[in-house]
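> What follows is a single structure, and I will ask about it in a moment.
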Amino acid sequence: MMRPNNKLLLVAILGVICTGCQGKIVQFIFGDSLSDVGNNQYLSKGLAKANLPWYGIDFGNGMPNGRFCNGRTVADIIGDNMGLPRPPPFMDPSLNEDMIMENGVNFASGGGGILNETALYFIQRFSFYRQIKLFMGTQELIREKIGAEAADKFFKGSLYVVALGSNDFINNFLMPVEKDSWTYTDQGFVTYLVQTLQDQLTLLHSLGARRMLVFGLGPMGCIPLQRVLSTTGECRVRTNNLALSFNQATSKMIGDLSTTLPNATIQYGDAYDVVNDLINNPSKYGFSNSDSPCCSLGRIRPALTCIPASRLCKDRSQYVFWDEYHPSDSANELIANELIRKMGFSRSNLSEAPATAPSVAPPPAG
């Protein structure tokens with residue numbers, strides 16, 4: 001009678017120490033500032049940070065939390081709707097093996113790109129290759145904790161989210177001072193970028209990633225920074241065409257990888273059309289402004305980031321963009337819901353998701 005009970009006890013213990021192996025899914029997120037949840041906060045020399053008011057004003061206690069937004073990221077919202085825990089930033093000093101197995105890890109870094117050479121002037125940021133290297137270190141920690149076989153099952157059962165590429169254009173190729181800008185043609189750079197991404201996804205697969213979600217780019221030429229730098233104030237056509245070329249090439253590449261990498265399920269998420277329509281027809285979606293940031297210094301443009309001296313718009317839910325680069329919480333919710341619809345996401349387990357919307361703080365006086 002004791003032997004079966006001991007087996008049941010062993011199964012219960014393994015279910016606690018290796019939750020991911022027993023069916024609970026966690027995420028490992030690789031990305032840039034659109035997905036960063038605090039990694040850059042801990043980079044002492046890094047210039048790309050969301051550590052000043054009014055970032056985070058509509059999230060939790062209203063204080064800056066490392067998200068380049070007033071509220072949630074698209075990854076936050078998609079994960080919430082899938083019933084997945086929100087992965088903590090890799091750089092969180094309290095991160096340990098138990099937290100990793102329970103929640104996964106977010107490696108995303110503001111300014112990070114697919115290419116190592118992207119956004120070097122931010123001094124400190126994690127490129128995709130660097131994020132993968134950090135993931136490899138994370139794997140070693142888990143192997144030491146639960147053993148190689150259990151760790152292998154844990155990582156093969158996890159979800160991998162990859163969302164990078166815009167910095168490679170905006171903070172590299174489209175800057176005349178950067179080498180890549182005069183080394184490649186537009187199509188040549190897209191080919192170089194997508195081939196590098198393919199190599200990185202193949203590397204992730206070799207490390208155990210079996211289910212990957214890879215996201216395309218939005219209309220980069222329509223972010224407020226690109227508009228204000230243009231002579232007309234309109235969207236920059238060349239920049240948008242580069243995003244479309246990247247998306248088309250990435251979609252094809254992912255289709256090819258899905259058939260060649262063993263046991264791989266790779267989904268491609270493209271919200272370009274809905275974001276483009278949102279920007280061109282904001283009232284259709286309940287917005288009133290889609291060409292300037294909610295948080296700015298008024299006529300002093302571009303201010304680049306939101307700072308304590310910035311003035312906030314009267315109604316943050318009416319603005320598509322929070323600062324010169326990044327969408328607002330309201331826009332992120334719309335984008336996330338469209339991706340959820342197009343990719344057929346559903347709740348992956350019965351665990352309770354975090355709150356689906358942040359508490360909204362009143363605008364500061366002044």
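The values are calculated or read from the model by the stated rules, or taken from the named source; none is laboratory data. Treat the numbers as computed from the prediction; the structure is a model and nothing was measured. Cβ: placed from backbone, ideal geometry, glycine included. Neighbour counts: every protein chain shown.
> Among (1) more than 22 Å from Phe68 (Cα to Cα); (2) under 19 Å from the mean Cα position of the chain (by Cα); (3) surrounded by fewer than 21 Cβ atoms within 10 Å (Cβ to Cβ), where does Glu178 come up short?
(2)
> Also, I was wondering about something else. Would you mind finding the one in Ala243, Ala209 that is small (Gly, Ala, Ser), within 20 Å of the chain's Cα centre (by Cα), surrounded by 14 or more Cβ atoms within 10 Å (Cβ to Cβ) and over 30 Å from Leu304 (Cβ atoms)?
That would be Ala209, the only listed residue that is small (Gly, Ala, Ser), within 20 Å of the chain's Cα centre (by Cα), surrounded by 14 or more Cβ atoms within 10 Å (Cβ to Cβ) and over 30 Å from Leu304 (Cβ atoms).
> Here's something else I'd like to know. If I filter segment 223-239 for residues that are basic (Lys, Arg), modelled with pLDDT of 95 or more and farther than 30 Å from Asn280 by Cα, do I get at least one hit?
no
> Scan segment 233-261 and report the pairs whose first residue is more than 19 Å from Ser166 (Cβ to Cβ) and whose second residue is loosely packed, with under 14 Cβ neighbours inside 10 Å, with Cβ atoms within less than 8 Å and a gap of 6+ or a chain change.
Ser258/Thr265
> Under 8 Å by Cβ, and 6 or more places apart or on different chains, what pairs join a residue from segment 300-327 that is at positive phi with one that is surrounded by 22 or more Cβ atoms within 10 Å (Cβ to Cβ) and hydroxyl-bearing (Ser, Thr, Tyr)?
So the pair list comes out as Leu304/Tyr325.
> Within segment 89-99, take every residue that is surrounded by fewer than 24 Cβ atoms within 10 Å (Cβ to Cβ) and touching a helix residue (DSSP H, G or I) at 6+ places or on another chain (Cβ under 6 Å) and give me the one that is nearest to Ala163 (Cα to Cα).
Pro89
> Among the listed residues Cys235, Cys294, which satisfies the condition of being among the hydrophobic types (A, V, I, L, M, F, W, C), more than 20 Å from the chain's Cα centre (by Cα) and more than 30 Å from Thr185 (Cα to Cα)?
Cys294
> Also, I was wondering about something else. Quick test of your reading of the structure: Ser288 fulfils all but one of (1) in contact with a Phe, Trp or Tyr (Cβ under 8 Å, 6 or more places away or on another chain); (2) under 20 Å from Lys342 (Cα atoms); (3) surrounded by fewer than 16 Cβ atoms within 10 Å (Cβ to Cβ). Name the failing condition by number.
It fails just one condition, (2).
> Could I ask something else about it? Counting only residues that are of a type in the set (S, T, N, Q) and part of a helix (DSSP H, G or I), which one in segment 88-147 is farthest from Val190 (Cα to Cα)?
Asn103
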